[in-house]
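Heads up, the thing below is written out as structure tokens.
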Amino acid sequence: MLRGLYDPDRPVFKDYLASAIRDINRQGITNLIIDLRHNTGGERELGKQLIYHLTQRQDLRDLREFVYNPKVAAYYDPKRSREIRAWYVKKFGAEPSSKQLLPTPDRPFFARITDPGSPYYVAPDRPVFSGRIIVLADQNTRSAASQLTALIQDNGWLWLWEPRPPTIQPAPAPWRPSNSPLGHPSFAASGVF
């Protein structure tokens, strides 16, 4: 565990989320905008804590993981490496190859969030936002923030907005997406789900 990035002894983010969602629900807010533009990332499991407060769904798909070099993976995470190796041998009947992109077993989306022994645990009686969610992302959304955006988009339960890509020639008039509920000229819909 990299203590400099996340200290499980002080998991204040889940407490903040619970308080914020409780306040949002109490105020009757029905549209939530999550602005991830220029967000360079962080801890992916904290993003899952956010998602856990935004949906009751339990059928969400996670990102697909692959291992390139099992020996390197074993050095950094021996326990997970043993789990992956045992799964791989059982599934494919052979040892994992080195220097080849290898699949890993799927885990339930909220496995670490719903496990009471996990430092990322959030109680199932958490407050959950029940309105419409709009995520703002751009070419500067990176790492765990881009993974969060992909997880939300791939599971099809929000509106995703991205800034209009830069053009070589300036447009003669401000551009407005015709289907935009925001009507802001700097956003273009990349998908409505």
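The values are calculated or read from the model by the stated rules, or taken from the named source; none is laboratory data. Every value quoted in this text rests on a predicted model; they were computed, and no experiment measured them. Note that we place each Cβ from the backbone using ideal geometry, even for glycine, and neighbour counts take in every protein chain shown.
Among residues of the range 128-139 that are assigned by TED's automatic domain parsing to the domain that holds residue 18 and closer than 19 Å to residue 20 by Cα, those with a Cβ under 7 angstrom from a residue that is of a type in the set (S, T, N, Q) and surrounded by fewer than 16 Cβ atoms within 10 Å (Cβ to Cβ), sequence gap 6+ or separate chain, pair up as 128/56; 129/25; 131/30; 131/31; 132/30; 132/31; 134/31.
So that you can scan it fast, the table gives a plain yes or no per residue for (1) within 15 Å of the chain's Cα centre (by Cα); (2) modelled with pLDDT of 90 or more:
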site	(1), (2)
5	no, no
22	no, yes
31	no, yes
37	yes, yes
40	yes, yes
51	yes, yes
65	yes, no
74	no, no
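Among residues of the range 67-89 that are closer than 17 Å to residue 99 by Cα and touching a residue at least 24 places away in the same chain (Cβ under 8 Å), those with a Cβ under 8 angstrom from a residue that is in a loop (DSSP other than H, G, I, E, B) and hydrophobic (A, V, I, L, M, F, W, C), sequence gap 6+ or separate chain, pair up as 67/101; 68/101. Scanning the range 48-95 for residues that are of a type in the set (D, E, K, R), in the same structural domain as residue 147 (by TED's automatic domain parsing) and assigned to a helix (DSSP H, G or I) returns a single hit, 48.
Residues of the range 21-54 that are surrounded by fewer than 15 Cβ atoms within 10 Å (Cβ to Cβ) and among the aliphatic types (A, V, I, L, M): 29, 33. Against the condition on the phi < 0 side of the Ramachandran plot, in contact with a strand residue (DSSP E or B) (Cβ under 6 Å, 6 or more places away or on another chain) and among the small types (Gly, Ala, Ser), how does residue 73 come out, does it pass? Criteria met by residue 73.
Yes/no matrix, rows are residues, columns are (1) among the small types (Gly, Ala, Ser); (2) within 17 Å of the chain's Cα centre (by Cα); (3) modelled with pLDDT of 90 or more:
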site	(1), (2), (3)
94	yes, no, yes
104	no, no, no
113	no, yes, yes
126	no, no, yes
137	yes, yes, no
143	yes, yes, yes
150	yes, yes, no
153	no, yes, no
164	no, no, no
